[in-house]
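Some notes on the structure that comes next.
The values are calculated or read from the model by the stated rules, or taken from the named source; none is laboratory data. As the structure is a prediction and not an experimental result, all values here were calculated from the model. Here the Cβ positions follow ideal geometry from the backbone for every residue, glycine too, while neighbour counts run over all protein chains shown. All accessible areas refer to the heavy atoms of the entire protein, side chains included, with ligands and DNA or RNA removed. Shrake-Rupley method; radii C 1.70, N 1.55, O 1.52, S 1.80 Å.
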Amino acid sequence: MKSLDVDVVVIGGGSTGAGVVRDVAMRGYTAVLVDRVDLAQGTSGRFHGLLHSGGRYVVSDPNSARECAEENEIITRIQASAVETTGGLFVTGPDDDPEFGDKFLKGASENGVPATEITVAEALKREPRLNPGIKRAIAVQDGSVDGWQLVWTAAQSAMEYGAKVLTYHKVVRIERDGDTVSAVICHDAKTGEAVRIGCHFILNCAGAWAGQIAAMAGCHDVEVVPGRGIMIAMNHRLVNTVVNRLIYPSDGDVIVPVHTVCVIGTTDVKAPDPDNLPIPRDEVQQMFDAGEVLIPGFRKARAVHAWSGARPLVKDSRVGAGDTRHMSRGMSVLDHSERDGLKGLLTISGGKLTTYRLMAEHIVNAMEEQLGTPHPCRTAQEACPGGATDGSAHTYHVTHRLHDREQDRMHDQILCECELLSRRMFTDKLAELPHGSLDDLRRQLRLGMGPCQGGFCTMRATGVAHEVGAVDTERATGLLRLFLKNRWLGLWPILYGDQVRQTALDNWIFSGTLDVEHLPQGAEVV
Ligand SMILES: Cc1cc2nc3c(=O)[nH]c(=O)nc-3n(C[C@H](O)[C@H](O)[C@H](O)COP(=O)(O)OP(=O)(O)OC[C@H]3O[C@@H](n4cnc5c(N)ncnc54)[C@H](O)[C@@H]3O)c2cc1C
């Protein structure tokens, strides 16, 4: 068995785990971050893309509102390349109660959430597709955030401070020495090897799976409730600022512009299993109906992809066990020495992607309190690599498209027209991730994420990977098949109207021209 020893093992490579390993490494500890799959393949890659201003919670959850407002300013400063400062609007729909706006403004001013009421005419000037029947509009500082980029840049910062990041390492066992944790045993999915990581402390940041990890250490009944929500990407930016309904948080009340598309969401239903998150047709319909209230004609636009994620909500004794919509979005740290008599293990859950840095600060402070070795937290002061927008980011904001293209993509083949992904960007990332799947590359490069959903770029990317010698024919076939299969998961729930035509075209390309179904059996790709 392969083995290594560190001070701290962080379990879970979502936003929380990435923030935690960064903080731990910056405070001088040796640390390793493990995830069973790629970074941000859990909820942090399956969320709505909103960098909250705090507005959404000013009435329902003032504490979360305050945290979001403070962290929004920090994340925008330290991870600028992951954020688009779109701004946001809260608008009263034609049938919504206009008086909610007064509660909103009061809550915003009490909780430090910048908010200014503007005229309906001004709101319609800023967002011409908005429903002309809206009754009030309040401008806030919502933004759009790329979860993959946020997590990877935090992880890169941790690595610069000496931390190791092991993706595709699933935790299968936790060892203890008497009443103290002593090691984490992982299964390396790429090599099939077992890996033992000896440690003094384990920080459980496994999100909706945190209860499973705690149970491996013998701590039962850690109640993290997976709150499932669906989101749908539309084929272009119907809005350029985040548009929210000015009502108590509800289903389908936010549209977020994300890169080339915009995303409507979401629902909130208790899920029995965070690994089985369906996208029910009635919820899809609910999203289109809700979109229509904000943007007339929304239903006629083309939906390009749907997905669902699981909020790691802390069970709240004040609300019913199945009522995830009303559970707090606040964070909480569980001390297993107090609760279960096991030293060296802390679990964190709840919170938001927007507040991930603060969550990390809290759990690392709690660890240091137990170790008796306090160090100041510096994560809010220091930018992550690529934090400043210096043009080096792999992705782009729509407003920067032409600029980026002129700077570095004019003389290079474009693999993905929707996302302006060049051959060079693809081959550089492939060299960094030689064992990566096309989905691993997608998460960092947005390959196949635009309006055609991989119809044209998937075969080009596979061909280039083969041409440069990065993969043999068998693996190329395996990569192509897996990518198409995964794209399909997000397509079939939204097959209607123009999307049926696009999918039929893509299918014709792959089945008709390439005859993918009859290619020789490809290699199995993890
Ligand atoms: C529908 C929806 C919409 C949302 N929208 C927003 C939004 O717009 N803005 C916002 O700020 N927040 C939003 N959130 C909340 C936010 O996405 C989550 O709070 C946040 O991403 C949780 O991050 P995490 O790191 O705690 O969990 P995750 O990202 O799920 O990370 C946990 C990790 O643990 C890993 N893991 C599990 N088991 C094991 C194991 N045995 N071994 C190793 N690793 C393991 C998983 O693979 C996963 O990567 C949304 C959530 C949902 C569900």
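Things worth noting here:
- Cα-based reach from K103 at 22 Å (exclusive), listing lysines while leaving out same-chain residues under 8 positions away: K135
- Alpha-carbon spread of the range 458-526, three principal axes, descending order, Å: 40, 24, 21
- Distance from the C-alpha centroid of the range 186-265 to that of the range 359-383: 23 Å, rounded to the whole angstrom.
- Other residues within the sphere of radius under 13 Å centred on the Cβ of A139, judged by their own Cβ, net out at -1 (K and R +1, D and E -1).
- For the chain, the mean projected area of the C-alpha convex hull, equal to one quarter of the hull surface, is 23.9 nm².
- Proximity of backbone amide H atoms, modeled 1.01 Å from N, is registered between V10 and V32, L33, V34, L203 at under 5 Å, excluding neighbours fewer than 5 places apart on the same chain.
- Applying the Karplus relation 6.51 cos²θ - 1.76 cosθ + 1.60 with θ = phi - 60° to the range 77-85 yields 3J(HN,Hα) values of 7, 8, 9, 4, 6, 9, 10, 10, 7 Hz, where x marks Gly and Pro.
- Distance violations [Cα-Cα > 30 Å] among K190/K315; K270/K429; K2/K315; K300/K352; K164/K270; K164/K343: K190/K315; K270/K429; K2/K315; K300/K352; K164/K270
- Around the amide H of H305, modelled in the peptide plane, lie the amide H atoms of A233, all under 5 Å away and 5 or more residues distant in sequence or on another chain.
- Legend: calculated FRET efficiency, R281 to E417, from the Cβ-Cβ distance at R0 = 22 Å, rounded to 0.05, equals 0.10.
- For the range 298-313, 3J(HN,Hα) computed residue by residue from phi via the Karplus equation (6.51, -1.76, 1.60; θ = phi - 60°) reads 3, 4, 7, 6, 8, 7, 10, 6, 10, 8, 9, x, 10, 5, x, 8 Hz, glycine and proline entered as x.
- Per-residue [θ]222 nm for the chain (sum of -39500 (n - 2.57) over DSSP H runs n ≥ 4, rounded to 500): -9500 deg cm²/dmol
- Here the spin labels are modelled as points 7 Å beyond Cα on the Cα-Cβ line, and at L495 and L514 they lie 1.9 nm apart.
- The Stokes-Einstein estimate for the range 187-256, based on a Kirkwood radius over Cα pairs and taken at 37 °C with 0.692 mPa s viscosity, is a diffusion coefficient of 195 µm²/s.
- Rounded to whole Hz, the Karplus (6.51, -1.76, 1.60) HN-Hα couplings of the range 61-74, x for glycine and proline: 7, x, 5, 5, 4, 5, 4, 4, 4, 5, 6, 4, 5, 5
- Annotation: amide H-H contacts under 5 Å for C262 (H modelled 1.01 Å from N, sequence separation of 5 or more, or interchain): M234, H236, L238.
- For the chain, the carbon plus sulfur part of the accessible surface works out to 52%, probe radius 1.4 Å.
- Fully extended contour minus Cα-Cα distance, from L166 to K103, at 0.36 nm per residue: 18.0 nm
- Local net charge near T458, Cβ-Cβ under 9 Å (Lys/Arg +1, Asp/Glu -1): +1
- Looking at the range 19-149, the accessible area is 35 square angstrom per residue; that uses a 1.4 Å probe and ignores ligands, DNA and RNA.
- The range 45-90 and the range 462-485 have Cα centres separated by 38 Å.
- Cysteines, the chain, no other Cys beta-carbon under 4.7 Å: C68, C186, C199, C205, C219, C262, C377, C384, C418, C452
- Debye, to nearest 20: dipole size of the chain, +1 on Lys, Arg Cβ, -1 on Asp, Glu Cβ: 740 debye
- Summing +1 for each Lys or Arg and -1 for each Asp or Glu among the other residues whose beta-carbon sits under 10 angstrom from that of M1 gives +1.
- Measuring max minus min along each principal axis, the C-alpha atoms of the range 250-301 give extents of 35, 24, 18 Å (largest first).
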